[in-house]
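Asker: Attaching a single structure in C-alpha coordinates format; questions to follow.
The values are calculated or read from the model by the stated rules, or taken from the named source; none is laboratory data. Nothing here was measured: the structure is a model prediction, and the numbers come from that model. Note: ideal-geometry Cβ built from the backbone for every residue, glycine included; neighbour counts use all protein chains shown. Ligands, DNA and RNA are excluded from the accessible area calculation, which covers all protein heavy atoms including side chains. Shrake-Rupley method; radii C 1.70, N 1.55, O 1.52, S 1.80 Å.
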Amino acid sequence: MTKKPSIIVIGGAGHIGLPLSLCIANANFPISIYDINKENLKKINDGIFPYKEEGGKNLLNKILKKKTFSISNHISEIKKKDIIIICIGTPIDEYMNPIHSVIKECIDSILPYLSKGQLIILRSSVSPNTTDWLNKYIAKRKKDVDIVYCPERVVQGKAIKEIKEVPQIIGFFNEKAFIKASKIFSKISKKIVKASPIEAELSKLFCNAYRYIEFSISNQFYQISSAAGASYKKINEIMKQDYSRANNIPSAGFSAGPCLLKDTMQLTSFYKNQFSIGHQAMLVNEGLVLFLHEKITKTFKISKLKIGLLGMAFKADSDDIRDSLSYKLKKELEINAKDVLTTDPYVNVDKNLKPLNEVINKSNLIILCSPHNIYKKLNLKGKTVIDVWGFLSSKKNNCKFI
Ligand SMILES: NC(=O)c1ccc[n+]([C@@H]2O[C@H](COP(=O)([O-])OP(=O)(O)OC[C@H]3O[C@@H](n4cnc5c(N)ncnc54)[C@H](O)[C@@H]3O)[C@@H](O)[C@H]2O)c1
(Lines give C-alpha, C1' and ligand atoms only; values in the text may rest on other atoms or scores of the structure.)
Protein backbone atom coordinates (compact mmCIF):
# COMPACT_ATOMS: atom_id res chain seq x y z
CA MET A 1 0.00 0.00 0.00
CA THR A 2 1.38 3.44 -0.92
CA LYS A 3 2.02 5.84 1.94
CA LYS A 4 -0.51 8.62 2.30
CA PRO A 5 0.91 12.12 1.78
CA SER A 6 1.24 14.29 4.89
CA ILE A 7 -0.66 17.56 4.77
CA ILE A 8 -0.61 20.92 6.52
CA VAL A 9 -3.41 23.45 6.25
CA ILE A 10 -2.44 27.12 6.60
CA GLY A 11 -5.47 29.00 7.91
CA GLY A 12 -6.64 25.68 9.38
CA ALA A 13 -8.64 27.35 12.16
CA GLY A 14 -10.81 29.30 9.70
CA HIS A 15 -14.40 28.82 8.53
CA ILE A 16 -13.12 27.01 5.46
CA GLY A 17 -9.78 25.61 6.64
CA LEU A 18 -11.14 23.76 9.66
CA PRO A 19 -14.02 21.83 8.03
CA LEU A 20 -11.76 20.92 5.11
CA SER A 21 -9.00 19.73 7.48
CA LEU A 22 -11.45 17.61 9.46
CA CYS A 23 -12.87 16.02 6.30
CA ILE A 24 -9.36 15.18 5.09
CA ALA A 25 -8.45 13.82 8.55
CA ASN A 26 -11.62 11.74 8.47
CA ALA A 27 -10.36 10.15 5.25
CA ASN A 28 -7.31 9.05 7.27
CA PHE A 29 -4.68 11.37 5.83
CA PRO A 30 -2.06 12.54 8.32
CA ILE A 31 -2.84 16.24 8.69
CA SER A 32 -1.85 19.26 10.81
CA ILE A 33 -3.47 22.64 11.00
CA TYR A 34 -1.54 25.88 11.34
CA ASP A 35 -3.07 29.30 12.01
CA ILE A 36 -2.02 32.69 13.34
CA ASN A 37 -5.24 32.78 15.41
CA LYS A 38 -3.95 31.07 18.56
CA GLU A 39 -7.21 31.62 20.44
CA ASN A 40 -9.17 29.54 17.94
CA LEU A 41 -6.43 26.89 17.85
CA LYS A 42 -6.81 26.55 21.61
CA LYS A 43 -10.59 26.19 21.29
CA ILE A 44 -10.09 23.52 18.62
CA ASN A 45 -7.64 21.67 20.85
CA ASP A 46 -10.25 21.77 23.63
CA GLY A 47 -12.90 20.27 21.32
CA ILE A 48 -14.76 23.54 20.77
CA PHE A 49 -15.66 24.36 17.18
CA PRO A 50 -15.01 28.13 16.94
CA TYR A 51 -17.94 28.81 14.59
CA LYS A 52 -21.46 27.59 13.96
CA GLU A 53 -20.97 24.61 11.65
CA GLU A 54 -23.43 21.76 11.08
CA GLY A 55 -21.88 18.54 12.44
CA GLY A 56 -18.70 20.46 13.34
CA LYS A 57 -18.44 19.64 17.03
CA ASN A 58 -19.02 15.90 16.59
CA LEU A 59 -16.52 15.55 13.77
CA LEU A 60 -13.92 17.66 15.60
CA ASN A 61 -14.17 15.49 18.71
CA LYS A 62 -13.90 12.34 16.64
CA ILE A 63 -10.82 13.66 14.82
CA LEU A 64 -9.10 14.90 18.00
CA LYS A 65 -8.85 11.25 19.08
CA LYS A 66 -6.82 10.38 15.99
CA LYS A 67 -3.04 10.30 16.26
CA THR A 68 -2.87 11.41 12.63
CA PHE A 69 -4.35 14.86 13.42
CA SER A 70 -2.32 17.60 15.08
CA ILE A 71 -2.10 21.33 15.65
CA SER A 72 1.14 22.92 14.47
CA ASN A 73 2.79 25.56 16.60
CA HIS A 74 5.23 26.81 14.04
CA ILE A 75 5.14 27.45 10.32
CA SER A 76 8.51 25.65 9.95
CA GLU A 77 6.58 22.38 10.32
CA ILE A 78 5.68 22.59 6.66
CA LYS A 79 9.23 21.33 6.02
CA LYS A 80 8.10 17.82 6.93
CA LYS A 81 4.90 17.86 4.85
CA ASP A 82 4.19 16.67 1.33
CA ILE A 83 1.24 18.95 0.70
CA ILE A 84 0.49 22.49 1.88
CA ILE A 85 -3.10 23.73 1.60
CA ILE A 86 -3.64 27.48 1.84
CA CYS A 87 -7.03 28.58 3.23
CA ILE A 88 -6.30 32.05 4.53
CA GLY A 89 -8.79 34.93 4.26
CA THR A 90 -8.48 37.08 1.13
CA PRO A 91 -10.32 40.30 1.92
CA ILE A 92 -10.85 43.44 -0.14
CA ASP A 93 -9.82 46.87 1.15
CA GLU A 94 -12.03 49.90 1.92
CA TYR A 95 -11.92 50.86 -1.78
CA MET A 96 -13.17 47.37 -2.74
CA ASN A 97 -9.87 46.24 -4.25
CA PRO A 98 -8.32 42.86 -3.42
CA ILE A 99 -5.49 42.98 -0.88
CA HIS A 100 -2.93 41.00 -2.89
CA SER A 101 -0.36 41.34 -0.13
CA VAL A 102 -2.10 38.77 2.14
CA ILE A 103 -1.20 35.91 -0.21
CA LYS A 104 2.30 37.29 -0.82
CA GLU A 105 2.99 37.66 2.92
CA CYS A 106 1.72 34.15 3.59
CA ILE A 107 3.91 32.72 0.81
CA ASP A 108 6.93 34.70 2.04
CA SER A 109 6.42 33.16 5.48
CA ILE A 110 6.50 29.62 4.10
CA LEU A 111 9.20 30.12 1.42
CA PRO A 112 12.19 29.29 3.66
CA TYR A 113 10.66 25.90 4.48
CA LEU A 114 9.62 24.76 1.00
CA SER A 115 11.45 21.81 -0.48
CA LYS A 116 11.60 19.90 -3.76
CA GLY A 117 8.56 17.83 -4.66
CA GLN A 118 6.04 19.51 -2.38
CA LEU A 119 2.62 20.51 -3.65
CA ILE A 120 0.87 23.76 -2.72
CA ILE A 121 -2.92 23.68 -3.00
CA LEU A 122 -4.34 27.18 -3.07
CA ARG A 123 -7.89 26.98 -1.68
CA SER A 124 -8.65 30.62 -0.80
CA SER A 125 -10.78 32.59 -3.27
CA VAL A 126 -8.30 34.67 -5.22
CA SER A 127 -8.13 37.39 -7.80
CA PRO A 128 -7.76 35.97 -11.36
CA ASN A 129 -4.17 35.00 -12.28
CA THR A 130 -3.00 34.74 -8.67
CA THR A 131 -2.09 31.05 -9.16
CA ASP A 132 -0.03 31.94 -12.23
CA TRP A 133 1.65 34.74 -10.28
CA LEU A 134 2.35 32.34 -7.40
CA ASN A 135 3.81 29.70 -9.72
CA LYS A 136 6.24 32.20 -11.20
CA TYR A 137 7.03 33.83 -7.85
CA ILE A 138 8.05 30.49 -6.36
CA ALA A 139 9.92 29.28 -9.47
CA LYS A 140 11.95 32.53 -9.48
CA ARG A 141 13.08 31.68 -5.97
CA LYS A 142 14.35 28.33 -7.26
CA LYS A 143 11.85 26.22 -5.36
CA ASP A 144 10.86 23.08 -7.23
CA VAL A 145 7.31 22.99 -5.93
CA ASP A 146 4.04 22.31 -7.78
CA ILE A 147 0.99 24.55 -7.45
CA VAL A 148 -2.69 23.83 -8.07
CA TYR A 149 -5.79 25.93 -7.50
CA CYS A 150 -8.80 24.13 -5.98
CA PRO A 151 -11.57 26.57 -5.05
CA GLU A 152 -13.86 26.05 -2.08
CA ARG A 153 -17.52 26.32 -3.12
CA VAL A 154 -19.42 25.23 -0.01
CA VAL A 155 -22.00 27.33 1.79
CA GLN A 156 -20.63 28.59 5.07
CA GLY A 157 -21.97 26.63 8.02
CA LYS A 158 -22.68 23.51 5.95
CA ALA A 159 -19.15 22.83 4.74
CA ILE A 160 -18.78 19.36 6.26
CA LYS A 161 -21.92 18.14 4.51
CA GLU A 162 -21.28 19.93 1.22
CA ILE A 163 -17.57 19.09 0.73
CA LYS A 164 -18.70 15.52 0.00
CA GLU A 165 -21.32 16.66 -2.51
CA VAL A 166 -19.77 19.59 -4.36
CA PRO A 167 -17.51 18.59 -7.30
CA GLN A 168 -13.92 19.61 -6.65
CA ILE A 169 -12.40 21.70 -9.41
CA ILE A 170 -8.63 21.22 -9.74
CA GLY A 171 -6.84 23.89 -11.76
CA PHE A 172 -3.36 22.63 -12.67
CA PHE A 173 -0.28 23.44 -14.75
CA ASN A 174 0.99 19.84 -15.01
CA GLU A 175 -0.52 16.36 -14.82
CA LYS A 176 1.76 15.24 -11.96
CA ALA A 177 0.37 17.98 -9.72
CA PHE A 178 -3.20 17.13 -10.75
CA ILE A 179 -2.71 13.47 -9.82
CA LYS A 180 -1.31 14.40 -6.38
CA ALA A 181 -4.17 16.79 -5.62
CA SER A 182 -6.85 14.43 -6.90
CA LYS A 183 -5.58 11.69 -4.55
CA ILE A 184 -6.85 13.80 -1.66
CA PHE A 185 -9.98 15.28 -3.19
CA SER A 186 -11.17 11.97 -4.64
CA LYS A 187 -11.20 10.58 -1.08
CA ILE A 188 -13.32 13.37 0.40
CA SER A 189 -15.61 14.19 -2.49
CA LYS A 190 -17.57 12.39 -5.21
CA LYS A 191 -16.31 14.16 -8.29
CA ILE A 192 -13.21 15.88 -9.65
CA VAL A 193 -13.37 18.43 -12.44
CA LYS A 194 -10.22 19.21 -14.45
CA ALA A 195 -9.40 22.81 -15.32
CA SER A 196 -6.58 25.22 -15.96
CA PRO A 197 -5.74 27.49 -13.00
CA ILE A 198 -7.40 30.54 -14.57
CA GLU A 199 -10.53 28.53 -15.41
CA ALA A 200 -10.70 27.30 -11.82
CA GLU A 201 -10.19 30.80 -10.40
CA LEU A 202 -12.83 32.35 -12.64
CA SER A 203 -15.36 29.56 -12.13
CA LYS A 204 -15.24 30.19 -8.38
CA LEU A 205 -15.64 33.95 -8.73
CA PHE A 206 -18.34 33.65 -11.41
CA CYS A 207 -20.44 31.36 -9.15
CA ASN A 208 -20.43 33.91 -6.33
CA ALA A 209 -20.85 36.95 -8.57
CA TYR A 210 -23.80 35.26 -10.29
CA ARG A 211 -25.54 34.70 -6.95
CA TYR A 212 -24.76 38.22 -5.83
CA ILE A 213 -26.24 39.68 -9.03
CA GLU A 214 -29.28 37.40 -8.77
CA PHE A 215 -29.99 38.70 -5.24
CA SER A 216 -29.54 42.28 -6.40
CA ILE A 217 -32.28 41.86 -9.02
CA SER A 218 -34.77 40.89 -6.31
CA ASN A 219 -33.53 43.70 -4.09
CA GLN A 220 -34.20 46.13 -6.90
CA PHE A 221 -37.63 44.56 -7.52
CA TYR A 222 -38.33 45.05 -3.80
CA GLN A 223 -37.52 48.75 -4.09
CA ILE A 224 -39.63 49.14 -7.25
CA SER A 225 -42.57 47.34 -5.59
CA SER A 226 -42.21 49.49 -2.52
CA ALA A 227 -42.18 52.69 -4.62
CA ALA A 228 -45.38 51.46 -6.27
CA GLY A 229 -46.97 50.77 -2.90
CA ALA A 230 -47.05 47.01 -3.58
CA SER A 231 -45.65 44.03 -1.70
CA TYR A 232 -42.73 42.26 -3.41
CA LYS A 233 -43.43 39.18 -1.29
CA LYS A 234 -46.90 38.93 -2.81
CA ILE A 235 -45.63 39.66 -6.33
CA ASN A 236 -42.90 37.01 -5.94
CA GLU A 237 -45.60 34.48 -4.98
CA ILE A 238 -47.84 35.51 -7.88
CA MET A 239 -44.97 35.25 -10.40
CA LYS A 240 -44.18 31.71 -9.31
CA GLN A 241 -47.69 30.25 -9.30
CA ASP A 242 -47.59 27.32 -11.76
CA TYR A 243 -44.91 29.13 -13.73
CA SER A 244 -41.70 27.14 -13.40
CA ARG A 245 -39.55 29.63 -15.33
CA ALA A 246 -39.86 32.00 -12.36
CA ASN A 247 -39.02 29.36 -9.73
CA ASN A 248 -35.48 30.56 -9.16
CA ILE A 249 -36.25 34.21 -8.61
CA PRO A 250 -35.11 34.79 -5.02
CA SER A 251 -36.81 36.80 -2.32
CA ALA A 252 -35.35 40.18 -1.48
CA GLY A 253 -32.97 40.32 1.48
CA PHE A 254 -29.73 41.57 2.95
CA SER A 255 -27.05 40.20 0.66
CA ALA A 256 -23.58 40.56 2.10
CA GLY A 257 -21.05 38.55 4.06
CA PRO A 258 -17.44 37.67 3.54
CA CYS A 259 -17.76 36.08 0.08
CA LEU A 260 -20.38 37.34 -2.38
CA LEU A 261 -19.54 41.04 -2.36
CA LYS A 262 -15.80 40.39 -2.09
CA ASP A 263 -15.66 37.93 -4.97
CA THR A 264 -17.76 40.20 -7.19
CA MET A 265 -15.41 43.08 -6.40
CA GLN A 266 -12.36 40.89 -7.16
CA LEU A 267 -13.79 40.46 -10.66
CA THR A 268 -14.60 44.15 -10.98
CA SER A 269 -11.08 45.11 -10.00
CA PHE A 270 -9.53 42.48 -12.32
CA TYR A 271 -11.66 43.69 -15.24
CA LYS A 272 -10.53 47.31 -14.78
CA ASN A 273 -13.86 48.38 -13.25
CA GLN A 274 -15.70 47.35 -16.44
CA PHE A 275 -17.71 44.54 -14.77
CA SER A 276 -20.58 47.00 -14.73
CA ILE A 277 -23.33 44.53 -13.84
CA GLY A 278 -21.30 43.34 -10.83
CA HIS A 279 -20.72 46.89 -9.76
CA GLN A 280 -24.39 47.74 -10.18
CA ALA A 281 -25.30 44.71 -8.04
CA MET A 282 -23.07 46.07 -5.30
CA LEU A 283 -24.82 49.45 -5.45
CA VAL A 284 -28.25 47.83 -5.18
CA ASN A 285 -27.38 45.29 -2.45
CA GLU A 286 -25.40 47.69 -0.30
CA GLY A 287 -27.91 50.46 -1.10
CA LEU A 288 -30.84 48.43 0.23
CA VAL A 289 -30.11 49.53 3.79
CA LEU A 290 -29.99 53.18 2.66
CA PHE A 291 -33.33 52.66 0.93
CA LEU A 292 -34.76 51.32 4.20
CA HIS A 293 -33.30 54.21 6.12
CA GLU A 294 -35.02 56.65 3.77
CA LYS A 295 -38.30 54.73 3.96
CA ILE A 296 -38.19 54.95 7.76
CA THR A 297 -37.39 58.66 7.83
CA LYS A 298 -40.24 59.36 5.38
CA THR A 299 -42.75 57.27 7.34
CA PHE A 300 -41.90 58.12 10.95
CA LYS A 301 -40.47 60.86 13.07
CA ILE A 302 -37.20 58.99 13.48
CA SER A 303 -35.94 61.05 16.43
CA LYS A 304 -38.83 59.61 18.51
CA LEU A 305 -38.31 56.05 17.29
CA LYS A 306 -36.82 53.11 19.16
CA ILE A 307 -35.85 50.61 16.49
CA GLY A 308 -35.18 46.92 17.12
CA LEU A 309 -32.97 44.96 14.73
CA LEU A 310 -33.51 41.20 14.73
CA GLY A 311 -30.57 39.13 13.49
CA MET A 312 -27.11 40.69 13.27
CA ALA A 313 -25.33 37.80 11.51
CA PHE A 314 -24.75 38.31 7.80
CA LYS A 315 -27.18 35.52 6.92
CA ALA A 316 -29.83 33.24 8.40
CA ASP A 317 -28.84 30.72 11.08
CA SER A 318 -25.24 31.90 11.13
CA ASP A 319 -23.15 33.39 13.94
CA ASP A 320 -20.87 35.28 11.55
CA ILE A 321 -21.12 39.08 11.48
CA ARG A 322 -18.38 39.69 8.90
CA ASP A 323 -19.61 42.34 6.43
CA SER A 324 -23.15 42.02 7.77
CA LEU A 325 -25.56 44.63 6.44
CA SER A 326 -27.33 44.58 9.82
CA TYR A 327 -24.41 46.61 11.18
CA LYS A 328 -24.45 48.99 8.24
CA LEU A 329 -28.15 49.63 8.91
CA LYS A 330 -27.49 50.03 12.64
CA LYS A 331 -24.83 52.66 11.94
CA GLU A 332 -27.17 54.62 9.65
CA LEU A 333 -30.11 54.52 12.06
CA GLU A 334 -28.07 55.46 15.12
CA ILE A 335 -27.41 58.89 13.67
CA ASN A 336 -31.02 60.07 14.15
CA ALA A 337 -33.10 57.43 15.91
CA LYS A 338 -33.91 57.72 19.61
CA ASP A 339 -32.45 54.26 20.17
CA VAL A 340 -31.37 51.24 18.15
CA LEU A 341 -31.59 47.91 19.97
CA THR A 342 -30.01 44.81 18.50
CA THR A 343 -30.36 41.11 19.15
CA ASP A 344 -29.15 37.81 17.71
CA PRO A 345 -29.38 34.31 19.20
CA TYR A 346 -26.13 33.08 17.65
CA VAL A 347 -23.71 36.03 17.58
CA ASN A 348 -21.37 35.92 20.58
CA VAL A 349 -18.83 38.61 19.68
CA ASP A 350 -20.99 41.72 20.22
CA LYS A 351 -21.45 42.80 23.83
CA ASN A 352 -24.12 45.37 22.87
CA LEU A 353 -26.70 42.74 21.93
CA LYS A 354 -29.84 42.56 24.04
CA PRO A 355 -32.20 39.68 24.83
CA LEU A 356 -34.85 39.18 22.14
CA ASN A 357 -37.80 39.96 24.43
CA GLU A 358 -36.27 43.22 25.61
CA VAL A 359 -35.78 44.32 21.99
CA ILE A 360 -39.37 43.45 21.05
CA ASN A 361 -40.86 45.07 24.14
CA LYS A 362 -38.91 48.32 23.93
CA SER A 363 -39.05 48.94 20.16
CA ASN A 364 -41.71 50.94 18.27
CA LEU A 365 -40.42 49.58 14.97
CA ILE A 366 -38.81 46.19 14.33
CA ILE A 367 -36.66 45.33 11.32
CA LEU A 368 -35.96 41.71 10.44
CA CYS A 369 -32.33 41.76 9.32
CA SER A 370 -31.37 38.03 9.33
CA PRO A 371 -34.25 35.58 8.91
CA HIS A 372 -33.09 33.04 11.50
CA ASN A 373 -35.43 30.06 11.49
CA ILE A 374 -36.24 30.48 15.17
CA TYR A 375 -37.90 33.82 14.32
CA LYS A 376 -40.50 32.00 12.25
CA LYS A 377 -42.72 31.40 15.29
CA LEU A 378 -42.02 34.68 17.04
CA ASN A 379 -44.82 36.66 18.71
CA LEU A 380 -44.10 40.26 17.79
CA LYS A 381 -46.83 41.59 20.06
CA GLY A 382 -48.65 43.67 17.45
CA LYS A 383 -45.57 45.73 16.59
CA THR A 384 -44.87 47.45 13.28
CA VAL A 385 -42.32 45.49 11.28
CA ILE A 386 -40.17 45.85 8.16
CA ASP A 387 -39.45 42.44 6.66
CA VAL A 388 -37.60 42.78 3.35
CA TRP A 389 -37.30 39.00 3.11
CA GLY A 390 -41.03 38.29 3.19
CA PHE A 391 -40.17 35.73 5.87
CA LEU A 392 -42.70 36.56 8.57
CA SER A 393 -46.50 36.50 8.47
CA SER A 394 -48.62 39.23 10.01
CA LYS A 395 -51.10 36.63 11.28
CA LYS A 396 -48.67 34.04 12.65
CA ASN A 397 -46.22 36.58 14.06
CA ASN A 398 -48.86 39.01 15.32
CA CYS A 399 -47.45 42.12 13.66
CA LYS A 400 -48.21 44.68 10.96
CA PHE A 401 -45.88 45.33 8.05
CA ILE A 402 -44.93 48.59 6.44
N1 LIG B 1 -16.52 31.48 4.36
C2 LIG B 1 -17.02 30.93 3.28
O3 LIG B 1 -18.19 30.56 3.20
C4 LIG B 1 -16.15 30.68 2.07
C5 LIG B 1 -16.63 29.87 1.04
C6 LIG B 1 -15.82 29.62 -0.04
C7 LIG B 1 -14.55 30.20 -0.09
N8 LIG B 1 -14.12 31.00 0.92
C9 LIG B 1 -12.79 31.56 0.84
O10 LIG B 1 -11.95 30.84 1.71
C11 LIG B 1 -10.96 31.71 2.25
C12 LIG B 1 -11.01 31.66 3.75
O13 LIG B 1 -12.23 32.19 4.18
P14 LIG B 1 -12.76 31.98 5.65
O15 LIG B 1 -14.17 32.40 5.67
O16 LIG B 1 -12.41 30.61 6.13
O17 LIG B 1 -11.88 33.05 6.44
P18 LIG B 1 -11.53 32.99 7.99
O19 LIG B 1 -11.08 34.35 8.33
O20 LIG B 1 -12.60 32.34 8.76
O21 LIG B 1 -10.28 31.99 8.02
C22 LIG B 1 -9.01 32.33 7.59
C23 LIG B 1 -8.01 31.84 8.62
O24 LIG B 1 -6.72 32.10 8.08
C25 LIG B 1 -5.90 32.53 9.18
N26 LIG B 1 -4.75 33.24 8.60
C27 LIG B 1 -4.76 34.41 7.92
N28 LIG B 1 -3.51 34.69 7.48
C29 LIG B 1 -2.72 33.66 7.88
C30 LIG B 1 -1.35 33.37 7.71
N31 LIG B 1 -0.54 34.19 7.05
N32 LIG B 1 -0.86 32.21 8.23
C33 LIG B 1 -1.68 31.38 8.93
N34 LIG B 1 -2.99 31.60 9.11
C35 LIG B 1 -3.51 32.72 8.59
C36 LIG B 1 -6.83 33.38 10.04
O37 LIG B 1 -6.34 33.50 11.34
C38 LIG B 1 -8.12 32.58 9.95
O39 LIG B 1 -8.26 31.64 10.99
C40 LIG B 1 -11.24 33.09 1.68
O41 LIG B 1 -10.46 33.29 0.54
C42 LIG B 1 -12.70 33.00 1.31
O43 LIG B 1 -13.05 33.89 0.29
C44 LIG B 1 -14.88 31.22 2.01
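Asker: Quick one: which of LYS233/LYS301; LYS306/LYS400; LYS234/LYS395; LYS4/LYS187; LYS272/LYS331; LYS161/LYS328 span more than 21 angstrom between C-alpha atoms?
Answerer: Over 21 Å apart, Cα to Cα: LYS233/LYS301; LYS272/LYS331; LYS161/LYS328.
Asker: Express the Stokes-Einstein translational diffusion coefficient of the stretch 7-197 in µm² s⁻¹, to the nearest whole number, given a Kirkwood radius over alpha-carbon pairs, 10 °C and a viscosity of 1.306 mPa s.
Answerer: Translational diffusion coefficient: 95 µm²/s.
Asker: For the stretch 152-195, which whole-number percentage of the solvent-accessible area (1.4 Å probe, protein heavy atoms only) is attributable to carbon and sulfur atoms?
Answerer: Summing carbon and sulfur atoms, their accessible area is 58 percent of the total for the stretch 152-195.
Asker: With the Cα gyration tensor of the stretch 22-68 in hand, convert its eigenvalues to equivalent ellipsoid semi-axes via √(5λ) and list them largest first in whole Å.
Answerer: Here the semi-axes work out to 16, 13, 9 Å.
Asker: Enumerate the amide H contacts of VAL9 below 5 Å, restricted to partners 5 or more residues apart or on another chain; note that Pro and chain-start residues carry no placed amide H.
Answerer: SER32, ILE33, TYR34, ILE85
Asker: Please get the size of the charge dipole for the chain, origin at its Cα centre, with Cβ charges of +1 on Lys and Arg and -1 on Asp and Glu, quoted in debye to the nearest 20.
Answerer: 960
Asker: Return the sequence-ordered ³J(HN,Hα) values of the stretch 335-347 in whole Hz as given by the Karplus equation 6.51 cos²θ - 1.76 cosθ + 1.60 applied to θ = phi - 60°, using x for Gly and Pro.
Answerer: Values per residue, Gly and Pro as x: 5, 10, 6, 5, 7, 10, 10, 10, 8, 6, x, 10, 6 Hz.
Asker: Relative contact order for the stretch 7-197: what percent, with Cα pairs under 8 Å and sequence separation of 6 or more?
Answerer: 21
Asker: Go through the stretch 110-115 residue by residue and turn each phi into a ³J(HN,Hα) via Karplus (6.51, -1.76, 1.60, θ = phi - 60°); whole Hz please, and just put x for glycine and proline.
Answerer: Working through the residues one at a time gives 9, 3, x, 9, 7, 9 Hz.
Asker: Would you list the P(r) distribution for the chain, with all Cα-Cα distances sorted into 20 Å bins from 0 and each bin expressed as a whole %?
Answerer: Whole-percent P(r) values from 0 Å outward: 25, 51, 22, 1.
Asker: Sticking with this one: I want the antiparallel fraction of DSSP beta bridges within the chain, as a percent rounded to 5.
Answerer: So the antiparallel bridges in the chain amount to around 5 percent.
Asker: Related question: Starting from the Cα of LYS183, step 7 Å toward the Cβ, then list every residue of the stretch 119-139 with an amide N under 18 Å from that point.
Answerer: Counting backbone N atoms under 18 Å from the label point, the list is 119-122.
Asker: May I ask you to derive the relative contact order of the stretch 244-321, considering only C-alpha pairs under 8 Å and at least 6 residues apart, and to give it as an integer percent?
Answerer: 34
Asker: Related question: Over all Cα pairs of the stretch 122-278, how is the pair count split among 10 Å bins, expressed in % and running from 0 up to the last occupied bin?
Answerer: P(r) over the stretch 122-278, rounded to whole percents: 10, 30, 29, 19, 8, 3, 0.
Asker: Across the stretch 1-87, how large is the tail of the calculated P(r) beyond 17 Å, expressed as a percent of all Cα pairs?
Answerer: 40
Asker: Let me ask you something else. Under the rule of -39500 (n - 2.57) per DSSP H run of 4 or more residues, summed and divided by the residues of the chain, what mean residue ellipticity at 222 nm is obtained, to the nearest 500 deg cm²/dmol?
Answerer: -12500 deg cm²/dmol
Asker: Rg and Dmax of the stretch 296-402, using alpha carbons, in Å: what are they?
Answerer: Looking at the stretch 296-402, its Cα Rg and Dmax stand at 12.7, 34 Å.
Asker: Any number yet on Rg/Rh for the stretch 301-353, C-alpha, Kirkwood?
Answerer: My calculation puts Rg/Rh at 0.99.
Asker: Structure shown: which of LYS65/LYS190; LYS57/LYS176; LYS158/LYS194; LYS52/LYS191 lie over 30 Å apart, alpha-carbon to alpha-carbon?
Answerer: Distance filter (> 30 Å) returns LYS57/LYS176.
Asker: Given the whole protein assembly as supplied and a 1.4 Å probe, what does the accessible area of GLU54 come to in Å², nearest 10?
Answerer: Accessible area, nearest 10 Å²: 90 Å².
Asker: Specify the angular offset, from 0 to 90 degrees and rounded to the nearest 10, of the alpha carbon long axis of helix 325-334 from the longest principal axis of the alpha carbons in the chain.
Answerer: For helix 325-334, the angle is close to 40 degrees.
Asker: Mind giving me the FRET efficiency for SER276 and THR2? R0 is 41 Å, r the Cβ-Cβ distance, nearest 0.05 is fine.
Answerer: With R0 = 41 Å, the Cβ-Cβ based efficiency is 0.20.
Asker: Considering only DSSP beta bridges where both residues belong to the stretch 7-197, give the percentage that are antiparallel (nearest 5).
Answerer: Restricted to the stretch 7-197, the bridges split so that about 10 percent are antiparallel.
Asker: Per-residue HN-Hα couplings for the stretch 149-156, Karplus 6.51 cos²θ - 1.76 cosθ + 1.60 at θ = phi - 60°, whole Hz, x for Gly and Pro?
Answerer: Calculated HN-Hα couplings, in order: 10, 10, x, 8, 10, 6, 8, 4 Hz.
Asker: Next question, about the same structure. For the stretch 232-401, what % of the accessible area comes from carbon and sulfur atoms, probe 1.4 Å?
Answerer: 52
Asker: Sequence neighbours fewer than 8 away in the same chain don't count; with that in mind, list the aspartates and glutamates whose C-alpha is under 19 Å from LYS298.
Answerer: Correct list for LYS298: GLU332, GLU334, ASP339, ASP387.
Asker: Considering Cα pairs under 8 angstrom that are at least six residues apart, work out the relative contact order of the chain and quote it in whole percent.
Answerer: So the answer I get is 11 percent.
Asker: Where does the longest stretch of the chain lie that holds no chymotrypsin sites (Phe, Trp or Tyr not before Pro) found in a DSSP loop with 12 or fewer other Cβ atoms within 10 Å?
Answerer: 244-402
Asker: Starting from the Cα of LYS396, draw a straight line to each of the aspartates and glutamates and keep only those under 12 Å, dropping any in the same chain fewer than 8 residues away.
Answerer: none
Asker: Top mean-square fluctuation among ILE78, ILE92, ILE170, Gaussian network model of the chain, C-alpha springs under 10 Å?
Answerer: Result for the chain, Cα springs under 10 Å: ILE92 fluctuates most.
Asker: Taking the solvent-accessible surface of protein heavy atoms with a 1.4 Å probe, what is the per residue accessible area of the chain in Å²?
Answerer: Normalised by residue count, the accessible surface of the chain is 48 Å².
Asker: Moving to a separate point now. So for the chain, taking the charge dipole from beta-carbon charges (+1 Lys/Arg, -1 Asp/Glu), which of ILE24, TRP133, ASN61 sits furthest toward the positive end?
Answerer: Result: ASN61.
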